[in-house]
Number of protein chains: 2
Amino acid sequence: VGEIGVAVVGPSGLVGREILDLLLTRRFPVGRLSLLGSARTAGGTIEHGGTTHRIAPLGPGVFDGLDLVFFAAGPGVAGEHAPHAVRAGAAAIDTSSRYRLDPDVPLVVPEVNAGLLSGRRARGIVACPSAMAVALGVVLAPLAAAAGLRRVVASTYQGAAGAGRHALQRLGQETAALLSGRGSEVRSRGLAFNCVPEIGAVLPGGATAHELQTVEETRRILADPALALSVTAVRVPVFYGHAASLHVETERPLASEDAHEILRRAPGVLLHDATSQGPTSLEAAGTDATHVGRVRRDPAVDHGLALWVALDAVRKGGALNAVEIGEILLRERAASPG
Amino acid sequence: VGEIGVAVVGPSGLVGREILDLLLTRRFPVGRLSLLGSARTAGGTIEHGGTTHRIAPLGPGVFDGLDLVFFAAGPGVAGEHAPHAVRAGAAAIDTSSRYRLDPDVPLVVPEVNAGLLSGRRARGIVACPSAMAVALGVVLAPLAAAAGLRRVVASTYQGAAGAGRHALQRLGQETAALLSGRGSEVRSRGLAFNCVPEIGAVLPGGATAHELQTVEETRRILADPALALSVTAVRVPVFYGHAASLHVETERPLASEDAHEILRRAPGVLLHDATSQGPTSLEAAGTDATHVGRVRRDPAVDHGLALWVALDAVRKGGALNAVEIGEILLRERAASPG
């Protein structure tokens, strides 16, 4: 694979910065690197790999000659500019919500459905799931393959990073204010020392948009459009770690020891032994793995299995998944040039 | 009801202090008040109701002439001294784990099974459930009565207070150390900005002792020894609020609107409207109610219902439940003297 032209759109956000770091640490064969931003961020600079890069404004011609464009901005930017990138001949990998439920766009977690990146589709747009759906896909796919999924109940413990850099800063500031006595009043819906049981707008039926999206994304990743999956999404006062408690019923019997063995061998999974303590949010933060632990039989139902999953919302839950997709696209390109 | 002799064993702990406050604010007809402690705490003093009380040591004769003894100490103290209190003619209300699963001792949440306090049993020991089991009992009992419970999955978000005063202090100190740059290393199993997916010892099957106890206590409270209840218990970086995400399957159909109406009328429940946001840990802290919100149909299964519950672990989850039991015992006594 020769050196290629790469752009990162939205390089100053949490996911954009992490993509830049990963391109470096994973020795991605970047020849030319463009950092692109909206009118708001364009003109700013970013230190990367020992040099100072200026963020250029999005606009006509910016994608010309590029091979790969990472979109780490909002859904609006992706919807407006990803088609331009593709028309200019680049592959576009989008980490926003814009294309996650678009039936014409593959929604990819490489450990689960890298096959979608083969052939012609790799020339278009590829969508990355939300962090929680990545975790669900990585851990549920091997269980589905081994024993089928009858039902899954997921309750999540999502850190502030999932809501972006401002949410991280706010959690730190609110917490400091409370501890220093400078928080004149406790904000009962703030995140400091608090669990907030909804993420995104509450829809008429009572579920949140984020919960329904997590269900739909997970169904797409697992290619199981009727999967009986229930999600309650909760924001917790944690910075980068996203976690979930999962109660699974499989179609066929699956002994707890077999579930351990399957998950130990599952790609992307770092299994914590059942006799040890389960992986915490902080143990997952800053790591590449999808951490799984507390794997045990759930005796309340037939074929019941309970487990716990944790990952870094910005790393595997965002930037790393995107860069891994990019690496596969490069290999595809090398295998079938032209 | 005349004034009565009351003792609080373990008055300097979180639950003991809260019991003292509640006796005052709820105008409990306390005539004589004894504060009793182990050798470690005896001799210390406590400010209460404008006077300074000395903590007397537990020992022979301390319960003589008392009517009601609140045990807010550990299970060891309760096991050793509650029988003495009963032999001395007092009713003993224990907030520790010592008697929660003892078939000879009623496990009481007044909103659910106050009937167990009628008649002779009220003269003995009465056990209070753990905070999480109180919440489950208060919210599940009216649903069970209306439509039967086929299955319940609970994932918990338990604050530090459930582990006592030291855990509260440690959360504050660890958090401050991290924010001030004085935490030389992040403790990946500490609670500051972290979710820790186990509470208590992990048993051979993979469940924790606390999870199994929560299941057994809830079954006792609901008088449903075979209830299909699955629990994953998680400690979150919150001070007083305990919460849980519940996914319920009822035996019979139960429309979401009917579930709302049932919970709105349920004793002890403060229902947050489905269109508003769900109750946070901080909204529950310092309040008497069991807060319920996010009540919605769970379309993944027949007769599926999802909801969120939050309460103050020390108040309704501990001290308030005990004092409410004491109030009922007083009324029982007044109704059938001798």
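The values are calculated or read from the model by the stated rules, or taken from the named source; none is laboratory data. This one's a predicted model, so the numbers in the text were calculated from it and none came from an experiment. Here Cβ is always computed from backbone atoms with ideal geometry, including for glycine, and neighbour counts include all displayed protein chains. Accessible surface areas use protein heavy atoms only, side chains included; no ligands, DNA or RNA. Shrake-Rupley method; radii C 1.70, N 1.55, O 1.52, S 1.80 Å.
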Original post:
Among rounded, prolate and oblate, which fits chain A when a ≥ b ≥ c are the square roots of the eigenvalues of its C-alpha gyration tensor, a/c under 1.5 means rounded, and a/b larger than b/c means prolate?
Top reply: oblate
**OP:** May I ask you to give the solvent-accessible area per residue for the range B:267-338, in square angstrom, as obtained with a 1.4 angstrom probe?
**Re:** 33 Å²
Subject >> Whole-Hz couplings from phi, Karplus 6.51/-1.76/1.60, listed for the range B:173-181; x for Gly and Pro >> reply: 5, 4, 5, 4, 4, 5, 6, 8, x
Subject >> Extent along principal axes [Cα atoms of the range B:5-75; Å; largest to smallest] >> reply: 29, 25, 24
Original post:
What average count of beta carbons from other chains do you get within 10 Å of the Cβ of residues in B:291-301?
Top reply: 5
Original post:
For the range B:77-194, with equal point scatterers placed on the C-alpha atoms only and solvent neglected, what are the log10 I(q)/I(0) values from the Debye formula at q = 0.13 1/Å, to two decimals?
Top reply: -0.73
Original post:
What accessible area per residue, rounded to a whole number of Å², is obtained for the range B:48-92 using a probe radius of 1.4 Å?
Top reply: 44 Å²
**OP:** Kindly compute the accessible surface that chains A and B hide from a 1.4 Å probe when together, both sides summed, and give it to the nearest 100 Å².
**Re:** 4600 Å²
Subject >> Alpha-carbon spread of the range A:204-297, three principal axes, descending order, Å >> reply: 43, 37, 21
Original post:
What shape does the range A:1-146 take by its C-alpha gyration tensor, where a ≥ b ≥ c are the square roots of the eigenvalues and a/c under 1.5 counts as rounded, a/b above b/c as prolate, and the rest as oblate?
Top reply: prolate
Subject >> Separation of alpha-carbon centers, the range A:50-68 and the range B:113-165, rounded to whole Å >> reply: 60 Å
Subject >> Expected 222 nm ellipticity per residue - DSSP helices of 4 or more, -39500 (n - 2.57), all of chain B, to 500 >> reply: -9500 deg cm²/dmol
Original post:
According to a simple spin-label model (label point 7 Å from Cα along Cα-to-Cβ), what is the distance in nm between B:ALA56 and B:ALA226?
Top reply: 5.1 nm
Original post:
Over the protein assembly as shown, what percent of the accessible surface lies on carbon and sulfur atoms, probe 1.4 Å?
Top reply: 51 percent
**OP:** Ignore the peptide's own chain and count Cβ atoms of other chains within 10 Å of each Cβ in B:24-37; give me the average, rounded.
**Re:** 0
**OP:** Sort the following peptides by mean Cβ neighbour count (other Cβ atoms within 10 Å, averaged over residues), highest first: B:142-150, A:23-31, B:195-203.
**Re:** B:195-203, B:142-150, A:23-31
Original post:
Using the Karplus equation 6.51 cos²θ - 1.76 cosθ + 1.60 (θ = phi - 60°), what ³J(HN,Hα) coupling, rounded to whole Hz, does each residue of the range A:308-324 give in order, writing x for Gly and Pro?
Top reply: 10, 10, 9, 8, 7, 5, 8, 7, 5, x, x, 5, 5, 4, 5, 5, 4
**OP:** Take each of the peptides A:49-56, A:219-226, B:299-306, average the number of other beta-carbon atoms within 10 Å over its residues, and list them starting from the highest.
**Re:** B:299-306, A:219-226, A:49-56
Original post:
What span do the alpha-carbon atoms of the range A:99-158 cover on each of the three principal axes, reported in whole Å from largest to smallest?
Top reply: 35, 28, 17
Original post:
Averaged over A:157-164, how many beta carbons belonging to a partner chain fall within 10 Å of each residue's beta carbon?
Top reply: 2
Subject >> Separation in nanometres of the label points that stand 7 Å from Cα toward Cβ, at B:ALA88 and B:ASP102 >> reply: 1.6 nm
**OP:** Restricting things to alpha carbons, find the Rg to Rh ratio for the protein assembly as shown using the Kirkwood radius for Rh.
**Re:** 1.04
